[in-house]
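K.L.:
Quick one: the structure is below, and I'll ask about it shortly.
None of the figures in this text is laboratory data; all of them are computed from the coordinates on show. From a predicted model like this one, the values you see are computed outputs, not experimental measurements. Cβ sites come from the backbone with ideal geometry, for glycine too, and all protein chains shown count toward neighbours.
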Amino acid sequence: MKKTFKQICRTAALFCVLPLLCGCGSDSPAPAEETETSTSIVTEVNGMRKIIADSSNVKQLGRTHLMDETLWLAFSGTGADFDYTGKKLDITLKGDGSSLLPKDGENCARVAIYVDGERVVDDLIDKPEEVYTVFESDETKTVNVKIVKLSETAMSTFGIKPIEIQPDENIVPAAEKSHKIEFVGDSITCGYGVDDEVAEHHFHTSTEDVTKAYAYKTAQALDADYSMVSISGYGVISGWTANPNNKVPNQTIPQYYTKLGFSYNKFANTTPPSALDWDFSKFVPEVIVVNLGTNDDSYCQGNAEKQKEYSEAYAEFLKVIREKNPNAEIFCTLGIMGQRLFPGVEDAVKIYTEATGDTKVHTFMFDAQDGSLGYAADWHPSAATHDKASEALAAEIKSVMGW
């Protein structure tokens, strides 16, 4: 499976869940406190400049964590965006535990690297360290380089090592976009299975691509920098379950909203993303889109008491989101994979608004997929369905925000 994703020089559940996500355990505590390295450029003995992917050198995409000079990525869409001036650029990526025991694209992190908007690397990180030559020219040129984690946080993470360049070359952060938007969701937001449009097939990180999902496409349509908080199979009160009598409370997004992610693997094989608190001052969104309830619906199944529990818990989660983002407009959405629980979303917003007086919270129901645009793995939305959803959501946000 992996070889189909190698494109350039390499030198070195029904709704949202797969079986591995059922019954996840708690993470071990973090080691000593981690702090972001302040030194941006280190001159090596060989005369090369070592550029650390901190915020002074690159635009960090989403929730990233700098540790021991390596920028670690967990959530879907995390990465780095910068302009490089020079003749040849190598990027070195570090794998986590998933890279030590690769299983045909099942769990290894999938990465894309773009040069001037063209995807030049699409790979699974199945070795502890990978080196990619992403740009080479006889003449000095300035190009935009963007590294994006295509797969989700639960299965794997990876790190961007310091970038070595010649003394006369340079790296600067990419320009900020017009707006900032955060997405909170599940497998739909992650782009689960979007590269495998056979509904009966199951999860592999090799077929997950966040850039083809509605959230990433909405950010593009709005000229917005983004941040993603999404995990396949997760909900507000329960993760996906095949038995509505079997609630899965350990697979819920609210418990990880303030964290760097949740993963069965660790940054540098030492630090669980869920042990690290996210600094909300690093990314201040104007808009937050919450798309949670598809997995809860597998538990609620139209039951009034369960829906009430969902709505009340959702309202409490909105209080946390507001505490961390005092000025953002919040859009509570649902419906791409089923609209049955949408009244519960509306009830949650009503409960929250009546309790707080906060009117900067809105509801939006997506059209439900009907098969006319195809399906992806495990009956998830196809790329065409994601396109349709992003167009509708972008139009709604523009209308409310006046963008």
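K.L.:
Using the alpha-carbon centroid of each, what span in Å lies between the stretch 111-135 and the stretch 258-317?
P.N.:
The distance from the Cα centre of the stretch 111-135 to that of the stretch 258-317 comes to 29 Å.
K.L.:
Then there's this: How far apart, in nm, are two points set 7 Å out from the Cα along the Cα-to-Cβ line at N243 and at E346?
P.N.:
In this crude label model, N243 to E346 measures out at 3.4 nm.
K.L.:
Taking R0 as 41 Å, what FRET efficiency do you get between E69 and A368 from their Cβ-Cβ distance, rounded to the nearest 0.05?
P.N.:
Approximately 0.30, to the nearest 0.05.
K.L.:
Continuing with the same structure: Search the structure for amide H atoms under 5 Å from the amide H of F135, placed 1.01 Å from N in the peptide plane, and list their residues when 5 or more places away or on another chain.
P.N.:
Those lying under 5 Å, H to H, from F135 are L89.
K.L.:
Fewest to most neighbouring Cβ within 10 Å: what's the order for I351, I321?
P.N.:
By the 10 Å Cβ count, ascending: I351, I321.
K.L.:
Kindly put M337, M228, M48 in sequence by how many other C-beta atoms sit within 10 Å of each C-beta, fewest to most.
P.N.:
By the 10 Å Cβ count, ascending: M48, M337, M228.
K.L.:
Please compute the length gained on full extension between Q166 and L100, using 0.36 nm multiplied by the number of residues separating them and subtracting their Cα-Cα distance.
P.N.:
Here the answer is 20.6 nm.
K.L.:
Going by how many other beta carbons lie within 10 Å of each one, how would you line up F135, F280, fewest first?
P.N.:
By the 10 Å Cβ count, ascending: F280, F135.
K.L.:
Can you tell me the relative contact order of the stretch 278-355? Whole percent, Cα pairs under 8 Å, sequence separation 6 or more.
P.N.:
45 percent
K.L.:
When the Karplus curve 6.51 cos²θ - 1.76 cosθ + 1.60 is applied with θ = phi - 60°, which whole-Hz ³J(HN,Hα) does each residue of the stretch 132-148 get, with x for Gly and Pro?
P.N.:
Once θ is set to phi - 60°, the couplings for the stretch 132-148 become 10, 8, 9, 8, 8, 8, 6, 10, 5, 9, 10, 10, 8, 10, 10, 10, 10 Hz.
K.L.:
Tell me, what is the percent relative contact order of the stretch 254-403, built from C-alpha pairs under 8 Å that lie six or more residues apart?
P.N.:
Across the stretch 254-403, relative contact order equals 18 percent.
K.L.:
Using alpha carbons only, how many angstrom separate the centre of the stretch 322-368 from the centre of the stretch 199-217?
P.N.:
Value for the Cα centre distance between the two parts: 25 Å.
K.L.:
Rounded to two decimal places and with Rh computed the Kirkwood way over Cα pairs, what is Rg over Rh for the stretch 179-401?
P.N.:
Radius of gyration relative to Kirkwood radius: 0.94.
K.L.:
Jot down the per residue volume, in cubic angstrom and as a whole number, of the convex hull over the alpha-carbon atoms of the chain.
P.N.:
With only Cα atoms used, the chain gives 134 Å³ per residue.
K.L.:
Excluding residues fewer than 8 places away in the same chain, name every one of the lysines whose C-alpha is closer than 26 Å to that of K324.
P.N.:
Partners within reach: K59, K149, K177, K180, K217, K259, K266, K282, K308, K350, K360, K398.
K.L.:
Turning to a different aspect of this structure: Using only the alpha-carbon atoms, what does the stretch 108-189 span along each of its principal axes? Please give whole angstrom values in decreasing order.
P.N.:
Largest to smallest, the principal-axis extents are 44, 37, 21 Å.
K.L.:
State, to one decimal in nm, how far the label point of D279 lies from the label point of A384, with both points 7 Å from Cα in the Cβ direction.
P.N.:
4.6 nm
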